[in-house]
Amino acid sequence: MIQPVQERLMGAQYCTYRVGGPLDEPYLPTTLEEALAILTMVMDKKAPLTVIGGGANSIIASNGIRGVTFLGKRLMFVQQTRDRQFQVGAGMPLARVSKLAQDHGMTGAEFMIGVPGTLGGAIAMNAGAMGQETAGIVESVTLFNLETQTLETWPHEQMQFSYRKSAIQPKTMIVLAADLRFQPGEPEVIAALIQKSLVFRQQHHPKEPNGGSVFKNPAPDMPAGRLLDESGAKGWREGGAMVSPKHANFIVNVDKATSTHILRLMVRLKHLIKERYGLEAYPENRFLGDASDVEKSLWEELTGYAWER
Ligand SMILES: Cc1cc2nc3c(=O)[nH]c(=O)nc-3n(C[C@H](O)[C@H](O)[C@H](O)COP(=O)(O)OP(=O)(O)OC[C@H]3O[C@@H](n4cnc5c(N)ncnc54)[C@H](O)[C@@H]3O)c2cc1C
């Protein structure tokens with residue numbers, strides 16, 4: 001029988017913001033078989049389920065996570081299935097997907113080189129940068145659907161990829177692997193794009209713990225970072241959370257920030273964009289775990305939706 005991790009794990013260990021309290025029942029599967037055994041057990045027990053990949057786009061509640069936490073980051077297998085096509089485990093770090101494509105002289109994953117997180121999270125979020133996005137290389141996705149209780153293969157079209165969005169509902173659809181298909185490329189062009197991405201990130205992204213872009217861009221030609229910068233938000237603070245002086249759409253954990261500090265700061269930034277530009281900004285970050293009452297209402301204010309566990 002599959003056992004949860006015995007040592008006490010904290011959400012902060014699985015979240016790039018370094019926030020998050022205790023995980024009640026964490027599992028770290030390494031194979032598809034182990035992953036399926038855990039998900040079957042979750043269904044049998046009707047336990048609440050939370051899925052985390054690299055935690056690079058997630059704020060984990062300082063209260064921690066009740067029920068089962070499925071930590072996907074060790075699902076790291078890779079197998080070539082056809083010419084230019086690979087089946088890759090959901091836990092594969094994005095930088096390694098980028099290297100996999102580069103090593104085979106293929107293009108489409110250069111942007112992933114500097115994006116923290118796993119393939120599973122990137123599929124759920126349709127992560128992207130530099131004019132590329134995850135949707136561009138996904139042929140199909142292997143997922144476990146808790147609602148139908150089956151292992152399913154969803155072709156690209158069924159994934160309904162759009163800006164930082166896909167059809168994946170992380171509470172009921174768990175990405176276990178994906179078939180990735182790349183296009184042939186020029187090695188020099190691929191190497192140059194990878195280098196450009198690395199240099200850009202080094203110059204523009206903060207070094208302190210953070211969760212990447214906090215808000216989606218409110219409109220295509222209105223990047224949240226520029227709007228917040230123009231509005232003077234850099235350096236704003238709530239407790240241990242601060243708007244990065246380097247990039248105004250990044251919040252950094254500078255001194256033992258809690259999930260509440262980050263959410264409070266996000267609400268202030270949302271109001272700032274609304275007051276100055278009349279635009280609604282919605283979170284790109286996800287909020288996972290056992291939200292306090294204050295956090296539930298902050299999240300509702302940010303998203304416009306009632307909090308659902
Ligand atoms: C410094 C920095 C730079 C970044 N730059 C970019 C960028 O340029 N472009 C960009 O798009 N993003 C960027 N991000 C955000 C982040 O790296 C991406 O969104 C990444 O894809 C998140 O992957 P993850 O595995 O860490 O997801 P997580 O944060 O673990 O999860 C994100 C969401 O996906 C769900 N999820 C995770 N794994 C699975 C799974 N296997 N099955 C189903 N659901 C799952 C989670 O429940 C959660 O809802 C950046 C983040 C940082 C910290």
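The values are calculated or read from the model by the stated rules, or taken from the named source; none is laboratory data. These numbers come from a predicted model, not from an experiment. Positions of Cβ are generated from backbone atoms using ideal geometry, with glycine treated the same way; all protein chains shown enter the neighbour counts.
Details
- Filtered residues of the range 57-72 (kept if part of a strand (DSSP E or B), surrounded by fewer than 24 Cβ atoms within 10 Å (Cβ to Cβ) and of a type in the set (Gly, Ala, Ser)): Gly67
- Any hit, the range 231-239, residues being closer than 18 Å to Ala56 by Cα, surrounded by 13 or more Cβ atoms within 10 Å (Cβ to Cβ) and touching a residue at least 40 places away in the same chain (Cβ under 8 Å): no
- Residue that is assigned by TED's automatic domain parsing to the domain that holds Leu176 and assigned to a loop (DSSP other than H, G, I, E, B), where the choices are Gly54, Gly91: Gly91
- Unmet requirement for Asp290, which otherwise passes all of (1) under 22 Å from Lys171 (Cα atoms); (2) among the charged types (D, E, K, R); (3) without any contact (Cβ under 8 Å) to a residue 24 or more places away in the chain: (3)
- The range 46-85, residues that are at pLDDT 95 or above and of a type in the set (Lys, Arg): Arg66, Lys73, Arg74
- Counting only residues that are within 20 Å of the chain's Cα centre (by Cα), buried (at least 21 other Cβ atoms within 10 Å of the Cβ) and either more than 7 Å from the ligand (Cβ to nearest atom) or of a type outside the set (A, V, I, L, M, F, W, C) (or both), the range 89-110 holds 8 of them.
- Scope the range 164-176; condition within 10 Å of the ligand (Cβ to nearest atom), touching a strand residue (DSSP E or B) at 6+ places or on another chain (Cβ under 8 Å) and in a loop (DSSP other than H, G, I, E, B); matching residues: Arg164, Ile168, Pro170, Lys171, Thr172
- Residue within the range 214-221 that is closer than 23 Å to Asn126 by Cα, away from the ligand (no atom under 15 Å from the Cβ) and either touching a Lys or Arg at 6+ places or on another chain (Cβ under 6 Å) or assigned to a helix (DSSP H, G or I) (or both) present: no
- Residue pairs whose Cβ atoms lie under 8 Å apart, separated by 6 or more positions or on different chains, with the first residue in the range 135-150 and aromatic (Phe, Trp, Tyr) and the second within 12 Å of the ligand (Cβ to nearest atom) and part of a strand (DSSP E or B), are Phe144/Met173; Phe144/Ile174; Phe144/Leu176.
- The single residue among Glu308, Glu275, Glu284 that is on the phi < 0 side of the Ramachandran plot, crowded, with 17+ Cβ neighbours inside 10 Å, charged (D, E, K, R) and outside the structural domain of Ala47 (by TED's automatic domain parsing) turns out to be Glu284.
- Selection within the range 103-134 - of a type in the set (Val, Ile, Thr), assigned to a helix (DSSP H, G or I) and touching a residue at least 40 places away in the same chain (Cβ under 8 Å): Ile113, Ile123
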